[in-house]
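Following: one structure in structure tokens, then a few remarks.
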Amino acid sequence: LNKMFIVPENKVANLDYFSMEMNDNNLLKISTFSNPSYSNHFKFNQSIEINTEISRMVATVVSYPEKNINVNVNYSDYQDFSGHTLPKNLSIMVGESNLKFETNKAVFDKNLNFPLNIPDSYKPFQF
């Protein structure tokens with residue numbers, strides 16, 4: 001299991017630490033904490049929570065402490081969609097903003113096209 005969390009030195013970041021803990025509600029929390037390998041990369045923390053009774057992920061948190069940025073994603077009400085188990089409800093919180101999605105139908109094995117044009121006036125966000 002430890003090898004799952006190792007990032008080679010020639011990649012963006014090395015993980016300094018990871019932890020696994022089980023609480024009384026059958027939630028397994030796996031957390032990773034990174035340290036930048038190079039001066040132009042950033043430190044981040046990530047955790048996931050897995051409900052061990054249903055073997056499903058119920059939450060993900062990614063944070064960038066130096067920029068005070070937190071992204072929380074919650075998954076709930078898993079259901080079968082065409083033979084695939086997916087969360088019916090998905091909530092994404094970034095800062096004070098909260099987006100909620102409800103899945104009513106899922107289509108698989110269909111080609112999709114999402115054209116995306118980014119105006120020249122937009123600049124990439126730098127962490």
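Computed values, structure above
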item	result
Residue match in region 5-14 (condition: surrounded by 15 or more Cβ atoms within 10 Å (Cβ to Cβ) and modelled with pLDDT of 90 or more)	no
Only one of ASN70, ASN98 that is within 26 Å of MET20 (Cβ to Cβ) and surrounded by 10 or more Cβ atoms within 10 Å (Cβ to Cβ)	ASN70
Selection within region 73-95 - of a type in the set (S, T, N, Q) and either open to solvent by 70 Å² or more (accessible area, probe 1.4 Å) or touching a residue at least 60 places away in the same chain (Cβ under 8 Å) (or both)	ASN74, SER82
Region 43-67, residues that are more than 17 Å from MET20 (Cβ to Cβ) and open to solvent by less than 60 Å² (accessible area, probe 1.4 Å)	PHE44, VAL62, SER63, TYR64
Whichever residue in region 101-127 is loosely packed, with under 10 Cβ neighbours inside 10 Å and among the polar types (S, T, N, Q) and, among such residues, is nearest to the chain's Cα centre (by Cα)	GLN126
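The values are calculated or read from the model by the stated rules, or taken from the named source; none is laboratory data. Note that this is a predicted model, so its numbers are computed, not measured. A quick note on method: Cβ atoms are made from the backbone with ideal geometry, for glycine too, and the neighbour counts reach across all protein chains shown. Ligands, DNA and RNA are excluded from the accessible area calculation, which covers all protein heavy atoms including side chains. Shrake-Rupley method; radii C 1.70, N 1.55, O 1.52, S 1.80 Å.
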